[in-house]
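Just below is one structure, and these are the notes that go with it.
The values are calculated or read from the model by the stated rules, or taken from the named source; none is laboratory data. Because the structure is a prediction, the values reported are computed rather than measured. Ideal geometry is used to build each Cβ from the backbone, glycine not excepted, and the neighbour counts take in all protein chains shown.
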Amino acid sequence: MALETKSETQLDELEAKLGISFTDRNLLKQALTHESFVNEWGAENSDASMISYERLEFLGDAVLNFAIADALFESSDDASEGELSMGRAYIVCKDSLAKAAEELELGDYILRGRGETVYSPNVRDSVLEDSFEAIIGAIHVDQGLDAACRFVFEQLGHQIEHVAKHGVEKDPKSAFQELVQGAGLKTPRYQTELANLGENGEQSYIARVTVGGRVVANGVGISKSKAQQRAAAKAKEMFSEGIPSEFVRMRAKRKSSRYINGEATMSIGSGASRSLKVDSWRRLGNLGSWFSLVVFRRRQETPGRRLIYRRSD
């Protein structure tokens, strides 16, 4: 089956959704073209030239970051540099941009090669994000910075206003990790695998979040990221009212150490402790006695040397 590009009618539909009428429609076509399509198209059409969205994505990413930074700066009078940076990162991320692309139904217009389509029947979030940024770059080239910034505000304005007013809300994975670590438990781990392919070729993933090797919750999504976020959200809800009894015994053992009278003492867990007679300061103060503790020994079976520390008498 030969590769096909989008018709002018389809591009008309997309321009209506974007609210942009391109002077040079080739820029829009380029912003919708994945590298996989370019490679396969070139193999089948040696006399035809086609360019992927990568260059426009690079430009669009810069314009997007500027537009978001400028909007947050103007709308957040008291925000610090760190808060502004966190706010921008919260908006300019894969999940946020992929969601904006989904609302525009951008995936219906992106040109992908057959190999990419087989690998991921649904357009991956990373591809949606890249194409969304490429469209911003295309608008900038075609109509200038002001038009590109207006497009950004139209698509992401509600997020900008929310961040300016309420600050950054932690995503479920970050929030759950802080909750778990604050309770003295081990860092959550995620295991994600392809769940199934539906009748229409749609794929879904299932993610399991574990703490100390025990499964806390599962999540399903059309991408690995979304599946993990949903699993984390469920797990956070489970832990929000207190640590479940089966996880209480898993509290990570705390370690502490102190140095008293030239002797290093380390405490592990609730009661076990051991004293390590280091007396390192006196050894460092007397280089002669320090080097007397070091022996270089060549092993017969290897050409290297072993550095051996001997205890003082």
Could you check, for segment 49-62, whether at least one of its residues is modelled with pLDDT under 90 and loosely packed, with under 14 Cβ neighbours inside 10 Å? yes
Only one of (1) touching a residue at least 60 places away in the same chain (Cβ under 8 Å); (2) of a type in the set (Asp, Glu); (3) touching a Lys or Arg at 6+ places or on another chain (Cβ under 9 Å) is not met by Asp24, so which one is it? (3)
Which listed residue, of Leu106, Leu97, is within 19 Å of the chain's Cα centre (by Cα) and closer than 18 Å to Arg124 by Cβ: Leu97
Pull out all pairs, ordered by first then second residue, where Cβ-Cβ is under 8 Å, the residues are six or more apart or on different chains, the first lies in segment 31-44 and is more than 22 Å from Ile136 (Cβ to Cβ), and the second is modelled with pLDDT under 95 and not in a loop (DSSP other than H, G, I, E, B). Glu40/Arg114; Glu40/Gly115
Name the single residue that is nearest to Val38 (Cα to Cα) among those in segment 5-20 being assigned to a loop (DSSP other than H, G, I, E, B) and under 33 Å from the mean Cα position of the chain (by Cα). Thr5
Scan segment 179-196 residue by residue and report those that are more than 13 Å from Gly221 (Cβ to Cβ), surrounded by fewer than 12 Cβ atoms within 10 Å (Cβ to Cβ) and modelled with pLDDT under 85. Gly182
Can you name the condition, by its number, that Leu97 falls short on among (1) in contact (Cβ under 8 Å) with a residue 60 or more places away in the chain; (2) touching a Phe, Trp or Tyr at 6+ places or on another chain (Cβ under 6 Å); (3) not in a loop (DSSP other than H, G, I, E, B)? (1)
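I need the full set of residues from segment 63-76 which are surrounded by 17 or more Cβ atoms within 10 Å (Cβ to Cβ) and either touching a Cys at 6+ places or on another chain (Cβ under 6 Å) or of a type in the set (A, V, I, L, M) (or both), in order please.
Those that are surrounded by 17 or more Cβ atoms within 10 Å (Cβ to Cβ) and either touching a Cys at 6+ places or on another chain (Cβ under 6 Å) or of a type in the set (A, V, I, L, M) (or both): Val63, Leu64, Ala67, Ile68, Ala71, Leu72.
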Quick one: Val180 ticks every box in (1) in a helix (DSSP H, G or I); (2) of a type outside the set (S, T, N, Q); (3) touching a Lys or Arg at 6+ places or on another chain (Cβ under 9 Å); (4) not assigned by TED's automatic domain parsing to the domain that holds Ala232 except a single one, so which number is it? (4)
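Which of the residues belonging to segment 103-141 are among the aliphatic types (A, V, I, L, M) and free of Cβ contacts under 8 Å to residues at least 12 places away in the same chain? Lay out the reasoning, then the answer.
Within segment 103-141, the subset among the aliphatic types (A, V, I, L, M) is 104, 106, 110-111, 118, 123, 127-128, 134-136, 138-139, 141.
Selection gives Val118 alone.
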Residues of segment 16-27 satisfying the condition of being surrounded by 14 or more Cβ atoms within 10 Å (Cβ to Cβ), over 13 Å from Ala147 (Cβ atoms) and not basic (Lys, Arg): none
If I go through segment 63-84 residue by residue, how many of them are small (Gly, Ala, Ser) and modelled with pLDDT under 90? 5
Of the criteria (1) under 23 Å from Lys186 (Cα atoms); (2) modelled with pLDDT under 80, which one Ser225 fails: (2)
Residues within segment 166-177 that are aliphatic (A, V, I, L, M) and either free of Cβ contacts under 8 Å to residues at least 60 places away in the same chain or not in a helix (DSSP H, G or I) (or both), tallied: 1
If the requirement is being out of contact with any strand residue (DSSP E or B) (no Cβ under 7 Å at 6 or more places or on another chain) and over 21 Å from Leu128 (Cβ atoms), which of these qualifies: Asp61, Asp77? Asp77
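Going through segment 121-150 one residue at a time, which ones are in a helix (DSSP H, G or I), surrounded by fewer than 21 Cβ atoms within 10 Å (Cβ to Cβ) and over 24 Å from the mean Cα position of the chain (by Cα)? Even if it seems obvious, please write down each step before you answer.
Taking segment 121-150 and keeping what is in a helix (DSSP H, G or I), we get 125-143, 145-150.
Right, trim to surrounded by fewer than 21 Cβ atoms within 10 Å (Cβ to Cβ) and you get 126, 141-143, 145-147, 149-150.
Within segment 121-150, Val141, Asp142, Gln143, Leu145, Asp146, Ala147, Cys149, Arg150 qualify.
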Boolean, Ala43 is assigned to a helix (DSSP H, G or I) and either within 32 Å of the chain's Cα centre (by Cα) or modelled with pLDDT of 95 or more (or both): no
